[in-house]
Amino acid sequence: MGYKTITKNLYCKNCQKNVKATAEEKDINHILHLILSVLTVGIWLIVWIFISLGINKQDNEFNCVECGNKVLTKGQKVKNIILLIFALAFIGILIFLALKMGVIGL
């Protein structure tokens, strides 16, 4: 599995100006995730979606090329909240279906 470097122009609070910021991101092995999704009857799709949409530590750790401090991008918190709501809704649907089918009982 390889890495790719992402470069963005972001505001650095330490330098107090717009600077180039870089982050390393792992390449995604989609074949492996497809196999795991088939073997787990779709449950692994949740993990695959999170990974594909960048919910990982590398996505949040852009570093200023001038001072080396971490620089956060706008919208990352919103994206994380939306994906959390999506995951909770998906899990809720799975639990609801399991209750309806009698797989689990209360």
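Give me the extension gain from Asn9 to Asn80: residue separation times 0.36 nm, minus the current Cα-Cα distance, reported in nm with one decimal.
23.5 nm
Overall size of the range 3-101 from C-alpha positions, given as principal axis extents largest first: 58, 26, 14 Å. With both labels modelled 7 Å from their Cα along Cα-to-Cβ, the His30 to Val103 distance reads 2.7 nm.
Converting phi to 3J(HN,Hα) with the Karplus coefficients 6.51, -1.76 and 1.60 and the offset θ = phi - 60°, the range 26-43 yields 6, 5, 9, 8, 5, 5, 4, 5, 5, 4, 5, 5, 5, 5, 9, 6, x, 5 Hz in sequence order, with x at every glycine or proline. Annotation: for a label point projected 7 angstrom from Cα along Cα→Cβ of Val65, residues of the range 1-20 with backbone N closer than 19 Å are 3-20. The stretch between Leu72 and Leu45, if pulled fully straight at 0.36 nm per residue, gains 7.0 nm over its current Cα-Cα span. Note on the chain: lysine pairs with Cα distance below 17 Å, sequence gap of 8 or more or different chains, count 20.
Read-outs throughout are calculated quantities, based only on the coordinates presented, and are distinct from any laboratory measurement. Quick caveat, the model's predicted, so the values are computed rather than measured. Heads up, the Cβs are rebuilt from the backbone with ideal geometry, glycines too, and the neighbour counts pull from every protein chain shown.
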